[in-house]
Every structure is written in structure tokens, then in C-alpha cells.
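Scroll down for the structure; my scribbles are underneath it.
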Ligand code: HEM
């Protein structure tokens, strides 16, 4: 009989000096993978508590782990060739699985992230022009004022102030989205919106045992009941925002050049049709849902890692000083101007991928680079596992951003590193997120040093990977 789940146990953070590389390497604490197989109930309890704890040692050591489990037949893939097959070569055979849709769809409706089939194809076609490198270049300029305003706000606090960095970063990324999505046109809404979002992720973002058991939808899910006020709040605010913008667009005045105007004006190149009112709303919520917490968590983990690696933090600050007069242009050309800043963000996403697992259901039987995938199987590609896999990475647990610097980076196989996914459903906001993260990090590093307070943060998987209970830090002015 399968054994019970062990109480969650974490290893300790360590710092060691690598003589060969002549650098100190910090290793953050994460749940210690167990070796025992989890039975049905233990698995369900662990999935609800913290899905990060389901991973066993074998997942980090074998190219794939397959078999009949309590949730049906599942294959966890960590072989880059097999992953490429599933996400790219034969992507049409794989759809977003039922459990994922149950967690995400109630909030994101017919938005791009949860749409499938022809509806997804059409929406992706229509939204692609909103995120081209040129479009992101224009949006980068709108990102700076809200970032600077947040830096000023943080600088006004006394040096002894205990910041909750999770909260602060959620605020910055919200302000950036509000500026780029709807030109900040929901005055005074930031705090309320942020809180509603946090509540949504905490409640809706926890996997419900009823969904795991596939119980009928009429049975109420506790998470969904708790998430409802947040959903109602989004719906009401989004309706207001769209109505106000339509009224503005009806006038002769030039409309704000932001994502909302672009969404309302988007036309399907195949038939010239626009998005429906509901689709515009669902995609706004999707952009906020998909682009806010993810980037905020990336920033929180990055600042934590830098607080433990002062030499690297200094290298990032140096790049920030050198590009202080042209931050947006530098963020758009990171290989030339901000190589270490970008490498730090990429390494932070390797260790703490904001989206820790991608899941798909196989429509037909398939073979992915030698791995047999039966029809209906659940295919799991978990960036959290893949990015720490012993077959793919040197020093997988250590924070070593240098691996992402030009020269070393080219050796990383494309399908070994997937913070933004890959293939047709790759993150549409990838460039947007990277430019935003580089701007936030370099503007922060220009002004502050980061000091973590309290015990090591505990990563918890709630749709995104967040530090449990927040991340207390002190900032000192440079
Ligand atoms: C660090 C920040 C971000 C990370 C790590 C991230 C990660 C991801 C990943 C892994 C996927 C693919 C999911 C899958 O294949 O199942 C995805 C999809 C998506 N992301 Fe992001 N994302 C980030 C920021 C953003 C931003 C800023 C936006 C929008 C403004 C955004 C919008 C979307 C959308 C709409 C999709 C669905 C694309 C589709 O299915 O066609 N993301 N993201």
C-alpha cells in the first residue's frame, strides 16, 4: 500500500565558495523531495497544501516518470526532445487539461489563456499584433512613470521600514499593467484591485479536491465560493473601464495608445471581425491575471536572491548606473546593455519559475521521443522540476546567473528552460514581462540595497510560485 505524505520538510539555505569559478554560490531553501510514492489521499492533500511538495527525488533525476496514478495515467516529462514534441512538433494533439481549466476558467472565461480550438486560434491571431517587439517598445515608455512613482514611494519610507516585498512588487506590476492596459484610467483602484487579485489567487488558486475527483459542477467548491467576491469585483470594474473607453472612442479626440484601445480595435485578419464585449473583458482580466502575479513573483524571488548574493547585486547596480539615462532603450537591448540584469532575472525564473508546471491532456495516443503517451494521459511539464533537473544543469540548486550570460547561455538546450512555455501557446506577454522586469530591477538597484529579514522564504505553488506569507525586506539607500 502507498505510504502517507511526510510532513513538509525543507532543506536549509547554504552559501559556499566555488574555488574553480572563484565565486560564492547561494543555494535557497526549497521543499526536500521525498523518495516514497504518494498514495491517492496523500497526493490530494499535498496538491491542496502545496503542489511543490508532490515532486519526488526521481522526478529530478529521470528523463520521464510515467504510470497509473491516483489522478489517472500521467507522464512527467523532463527530456527536452520529448517536451519539444509535445509543445511544438505535435502540439495539436495536446489540449489544456480539465483540472487546469477548472482552476483558471472561472476567472478568465473566454480569454486567451483558457480558450481552446478555433476560439483560441482566432483570439491569438487578433492579439498577436499587440505584443510584437515594436508594440512592446512603445509600451516600455509607458512603464517608466509608474515604476519611478513606486521607487519614490519606497524611498520616502524610513530606512528601518520592514517592506513586504511581495506586496510592494504586486503594487508595482499592477501599476505598470494599469498604465499600459488602460492608461491608469481606474483612479484610486490600485489597492482594491491588488487585494482582490491576491484573494483570487489564494482561494481560486488552490486545487480543490472536488475537482481532482471530477465531482459534478453543481457541488460547491469552497475556493470558488471564497473567490466569488473578487470575481464580481473584477467584472464590475472591467465593465466600467470598457464602457468609459468606448464612450471616449466614439468622440473625435485621439484615444489613449494602450492595450485596451488596441483590444477594442483588434480585427481578425481573416474576416475583419472584432472581439465581442465579453471577449474584450475576458482578455483584460486574462492580461491582469496572467501578467501581474507572475511578474510580481519573479521580482520578489529576484530581490530575495540578490539580498543573499551581494556581489551579484553590485554587478546589477553597476549596469543600472551605466544606463541610468536611457533605461527603456537599455531594457529593449539587454544583451548589449544589461546582460547581468537579464541573467539574474533568468536565473531567478530557473530556480523559482513563476508558472511552476504546465499540463496537457493527450487527445490521441502518441510517442514523444520514445516516451509512450496513451490517449487521455495527463502530460506534465514542470519548469520547477525541469529547471532543477540533475541531467540538465550543473549545480542545479545554486544561484549562478553567470550561466545565462552570453557565452555560457548558448549551451542551454531550448527545451530545458521554459519559464514562458513554448510552441503555439507560448506566453504572449514574454517580451513585455522581460522589459518590465528589467526596468523594475535596474531602477530599484540604482537606488537601493536589499536586505532580507526573517526566516528563509517558503515557496508555495498557487497557480504561480509565491513566497508563503510574503517576503519581509529592508531597503537601504545607495
Ligand atoms: C514573468 C512573467 C510571466 C511568466 C513567467 C509567464 C508565463 C507564462 C507561461 C508559462 C505561459 C504558457 C502556459 C501554458 O503553456 O500552459 C503563459 C501564457 C500566457 N501569458 Fe504569460 N507569463 C508572464 C507574463 C505575462 C504577461 C505580462 C502577460 C500579458 C500582459 C501574459 C499573458 C499571457 C497569456 C495571455 C498567455 C496565454 C497564451 C495562449 O495560450 O495563447 N503573461 N505565460
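The values are calculated or read from the model by the stated rules, or taken from the named source; none is laboratory data. On a predicted model such as this, the values are computed, not experimentally measured, just so you know. We place every Cβ from the backbone using ideal geometry, glycine too, and count neighbours over all the protein chains shown.
In the stretch 369-399, what count of residues is obtained for those that are under 21 Å from residue 94 (Cα atoms) and in a strand (DSSP E or B)?
Of the residues in the stretch 369-399, the ones under 21 Å from residue 94 (Cα atoms) are 369-386.
Now drop any that are not in a strand (DSSP E or B), which leaves 371-373, 378-381.
The qualifying residues number 7.
Could you please find all residues in the stretch 44-64 being surrounded by fewer than 17 Cβ atoms within 10 Å (Cβ to Cβ) and at pLDDT 90 or above?
57, 58, 61, 62
I need every pair where a residue in the stretch 67-89 that is farther than 19 Å from residue 55 by Cα has its Cβ under 7 Å from the Cβ of a residue that is within 15 Å of the ligand (Cβ to nearest atom) and assigned to a helix (DSSP H, G or I), sequence separation at least 6 or different chains.
Listed pairs, sorted by first residue: 84/415; 87/423; 88/423.
Out of all the residues in the stretch 288-319, which are crowded, with 22+ Cβ neighbours inside 10 Å and without any contact (Cβ under 8 Å) to a residue 12 or more places away in the chain?
Within the stretch 288-319, no residue meets the criteria.
Could you list, in sequence order, all residues of the stretch 267-287 that are more than 8 Å from the ligand (Cβ to nearest atom) and either buried (at least 22 other Cβ atoms within 10 Å of the Cβ) or within 25 Å of the chain's Cα centre (by Cα) (or both)?
Of everything in the stretch 267-287, those that are more than 8 Å from the ligand (Cβ to nearest atom) and either buried (at least 22 other Cβ atoms within 10 Å of the Cβ) or within 25 Å of the chain's Cα centre (by Cα) (or both) turn out to be 278, 279, 280, 281, 282, 284, 285.
Suppose we filter the stretch 112-168 for residues that are modelled with pLDDT of 90 or more, within 24 Å of residue 465 (Cα to Cα) and not in a helix (DSSP H, G or I); how many remain?
Summing the residues that are modelled with pLDDT of 90 or more, within 24 Å of residue 465 (Cα to Cα) and not in a helix (DSSP H, G or I) in the stretch 112-168 gives 3.
Residue by residue, here is whether (1) in contact with a strand residue (DSSP E or B) (Cβ under 9 Å, 6 or more places away or on another chain); (2) in contact (Cβ under 8 Å) with a residue 24 or more places away in the chain; (3) more than 27 Å from residue 396 (Cα to Cα) holds:
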position: 321; (1), (2), (3): no, yes, yes
position: 327; (1), (2), (3): no, yes, yes
position: 331; (1), (2), (3): no, yes, yes
position: 336; (1), (2), (3): no, no, no
position: 342; (1), (2), (3): no, yes, no
position: 351; (1), (2), (3): yes, yes, no
position: 355; (1), (2), (3): yes, yes, no
position: 360; (1), (2), (3): yes, yes, no
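Is one or more of the residues making up the stretch 428-443 assigned to a loop (DSSP other than H, G, I, E, B) and within 16 Å of the ligand (Cβ to nearest atom)?
Checked against the condition, which is being assigned to a loop (DSSP other than H, G, I, E, B) and within 16 Å of the ligand (Cβ to nearest atom), the stretch 428-443 yields at least one hit.
In the stretch 449-467, which residues are touching a residue at least 60 places away in the same chain (Cβ under 8 Å) and not in a strand (DSSP E or B)?
Those that are touching a residue at least 60 places away in the same chain (Cβ under 8 Å) and not in a strand (DSSP E or B): 453, 456, 457, 458, 463.
Got a number for residues in the stretch 407-425 being within 15 Å of the ligand (Cβ to nearest atom) and surrounded by 12 or more Cβ atoms within 10 Å (Cβ to Cβ)?
Qualifying residue count, the stretch 407-425: 11.
Is it the case that some residue within the stretch 414-427 is part of a loop (DSSP other than H, G, I, E, B), farther than 30 Å from residue 141 by Cβ and touching a helix residue (DSSP H, G or I) at 6+ places or on another chain (Cβ under 7 Å)? Give the steps one after another, and end with the answer.
At the first step, the residues of the stretch 414-427 found to be part of a loop (DSSP other than H, G, I, E, B) are 417-422, 426-427.
Those left that are additionally farther than 30 Å from residue 141 by Cβ: none.
Within the stretch 414-427, none of the residues are part of a loop (DSSP other than H, G, I, E, B), farther than 30 Å from residue 141 by Cβ and touching a helix residue (DSSP H, G or I) at 6+ places or on another chain (Cβ under 7 Å).
Taking the options 335, 324, name whichever one is surrounded by fewer than 14 Cβ atoms within 10 Å (Cβ to Cβ), under 18 Å from residue 433 (Cα atoms) and more than 14 Å from the ligand (Cβ to nearest atom). Give the steps one after another, and end with the answer.
Values: 324 fails: under 18 Å from residue 433 (Cα atoms).
Residue meeting the stated conditions: 335.
Is there any pair with a first residue in the stretch 408-421 that is closer than 14 Å to residue 392 by Cβ and a second that is in a loop (DSSP other than H, G, I, E, B) and within 16 Å of the ligand (Cβ to nearest atom) whose Cβ atoms are under 7 Å apart and which are 6 or more apart or on different chains, and what are they?
Every condition considered, the pairs that remain are 415/422; 417/387.
Can you tell me which residues in the stretch 151-170 are closer than 24 Å to residue 332 by Cβ and buried (at least 21 other Cβ atoms within 10 Å of the Cβ)?
If the condition is that a residue be closer than 24 Å to residue 332 by Cβ and buried (at least 21 other Cβ atoms within 10 Å of the Cβ), then 169 is the only one that fits.
Is at least one residue of the stretch 368-391 in contact with a helix residue (DSSP H, G or I) (Cβ under 7 Å, 6 or more places away or on another chain) and near the ligand (Cβ under 9 Å from one of its atoms)?
Checked against the condition, which is being in contact with a helix residue (DSSP H, G or I) (Cβ under 7 Å, 6 or more places away or on another chain) and near the ligand (Cβ under 9 Å from one of its atoms), the stretch 368-391 yields at least one hit.
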